[in-house]
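S.K.: Questions regarding the structure given below will be posed in turn.
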Amino acid sequence: MSKISVNGKAQEVERPISITELIKLNNVAQPEMVSIQLNGQFVNRDDFDNTQVAEGDELDFLYFMGGGSF
Amino acid sequence: MDFTEEQIQRYSRHILLQDVGVEGQEKINNGKVLIVGAGGLGAPIALYLAAAGVGTIGIIDGDVVDLSNLQRQVIHFTPDVNKPKVISAKEKINLINPDVKVIAYQKLLTAENALEIIQDYDFVVDGTDNFPVKFLINDACVIAKKPFSHGGILRFDGQTLTYKPGTACYRCLFHSPPPPNAVPTCSQAGVLGAIAGMLGTIQAAEVLKYLTGVGDLLTNRLLTFNAKTMEFRTIKSKPNDNCPVCGSHPTVTGLVDYEQAVCDIESHRKNKNK
Ligand SMILES: [Zn+2]
């Protein structure tokens with residue numbers, strides 16, 4: 001069991017998992033649209049599969065947001 | 001710059017602030033700010049910057065006021081429906097504060113005109129609804145070394161980031177525009193009207209902080225909030241070396257007009273034909 005944090009909230013994962021799996025676990029509606037920061041560093045989308053999340057890691061999921069012009 | 005009695009009275013609540021004072025107010029009055037979009041975010045931004053006495057406010061928007069805008073675009077009033085947004089905004093700004101010089105651009109910001117327009121301003125504020133223009137503002141400001149405020153709202157959420165040369169840009173966080181229609185815009189998904197005010201006033205405060213040099217800007221920090229829970233968070237960021245525009249091997253070296261979501265263009269056409 002590893003304790004991590006996602007967007008400032010504590011989460012536990014049962015085994016080492018990749019960022020791709022973590023995105024799935026968090027039911028992100030459009031996984032191809034989320035930006036991920038791991039311990040303050042942006043992770044390239046191409047590395048989501050091979051980047052493992054470990055005990056104590058802090059992750060931020062950032063989502064696209066439009067605006068208010070129209 | 002010598003303030004008149006009337007100006008001292010008008011700006012007294014700023015002048016009273018120890019961090020601002022007469023000097024800070026002078027900086028505001030000498031400031032030149034470009035607001036891109038006279039909509040949900042642009043409205044509160046323009047109103048507060050006008051009231052604050054920002055000397056020159058440029059406002060760019062190609063749209064006309066639609067009845068569906070009035071739920072949140074508080075600078076436009078019911079009789080303004082069908083009027084160009086920049087004209088409606090200019091009228092209100094002048095009514096609030098005749099000190100302000102307003103430059104209205106009734107057009108879209110494009111790859112062709114962006115650099116030329118922004119060069120006249122100290123600070124650019126992104127109040128647009130669509131990703132092609134958000135990325136265009138980012139790229140133009142990074143290339144021209146111009147500080148700007150990014151703002152985005154959707155449904156019950158808002159996010160904002162301030163950029164200054166050398167700090168994380170919008171592309172550091174969001175590499176490239178989402179495919180058209182992949183992410184809904186407010187015109188597709190809806191937005192709680194007051195959210196536009198919440199975010200727009202934060203952006204306006206950032207502009208005033210930048211002009212006066214007071215406090216710490218939202219640089220290298222993305223502020224996000226959700227109005228359902230009223231939870232605010234700032235996510236610390238730093239310049240991303242792989243950023244396509246400000247990273248060490250930039251691939252974006254000029255400006256491009258990215259493809260717009262089809263339904264946005266449709267809704268524009270609908271508005272124009274009314
Ligand atoms: Zn960047």
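The values are calculated or read from the model by the stated rules, or taken from the named source; none is laboratory data. What you see is a predicted model; the values in this text were computed from it and never measured. Quick reminder, even Gly has a Cβ in these numbers, built from the backbone with ideal geometry, and neighbours come from all protein chains shown. Only protein heavy atoms, including side chains, enter the accessible area calculation; ligands, DNA and RNA are left aside. Shrake-Rupley method; radii C 1.70, N 1.55, O 1.52, S 1.80 Å.
S.K.: Step through the residues of region B:135-152 one at a time and calculate ³J(HN,Hα) from phi using the Karplus curve (6.51 cos²θ - 1.76 cosθ + 1.60, θ = phi - 60°), rounding each to whole Hz and writing x for Gly and Pro.
M.R.: So the J values, rounded to whole Hz, are 5, 5, 4, 4, 5, 4, 5, 5, 5, 8, 6, 10, x, 8, 10, 8, x, x.
S.K.: Too long at a 22 Å Cα-Cα cut-off: which of B:LYS101/B:LYS209; B:LYS32/B:LYS238; A:LYS3/A:LYS24?
M.R.: B:LYS32/B:LYS238
S.K.: Per residue, how large is the accessible surface of chain B? Use a 1.4 angstrom probe and give square angstrom.
M.R.: 43 Å²
S.K.: Inside 10 Å of the C-beta atoms of A:49-60, what's the mean count of C-beta atoms belonging to other chains?
M.R.: Per residue, the average neighbour count from other chains is 1.
S.K.: Still on this structure, please answer the following. Applying the Karplus parametrisation 6.51 cos²θ - 1.76 cosθ + 1.60 with θ = phi - 60° to the phi angles of region A:32-38, what ³J(HN,Hα) value in whole Hz is obtained for each residue in order, glycine and proline being reported as x?
M.R.: 6, 10, 8, 9, 10, 10, 10
S.K.: Which of rounded, prolate, oblate describes region A:2-62, given a ≥ b ≥ c as roots of the alpha-carbon gyration tensor eigenvalues and a/c under 1.5 marking rounded, otherwise prolate only if a/b is larger than b/c?
M.R.: Rounded shape, in that the Cα axes give a/c under 1.5.
S.K.: Amide H of B:ASN240 versus every other amide H placed in the peptide plane: which residues, excluding those fewer than 5 positions away on the same chain, fall under 5 Å?
M.R.: For B:ASN240, whose amide H was placed from the backbone, the distant partners under 5 Å are B:CYS169.
S.K.: Rounded to whole Hz and in sequence order, give me ³J(HN,Hα) for region B:79-94 from the Karplus expression 6.51 cos²θ - 1.76 cosθ + 1.60, θ = phi - 60°, writing x for Gly and Pro.
M.R.: Taking θ as phi minus 60°, the curve returns x, 7, 3, 6, 7, x, 4, 5, 6, 4, 5, 4, 4, 5, 4, 5 Hz for region B:79-94.
S.K.: On the protein heavy atoms, probe 1.4 angstrom, tell me the percent of accessible surface of chain B carried by carbon and sulfur.
M.R.: C and S atoms contribute 53 percent here.
S.K.: Shifting gears a bit: In terms of modelled amide H atoms, which long-range or inter-chain residues lie less than 5 Å from the amide H of B:GLY31?
M.R.: Answer set, sorted by chain and number: B:GLY55, B:THR56.
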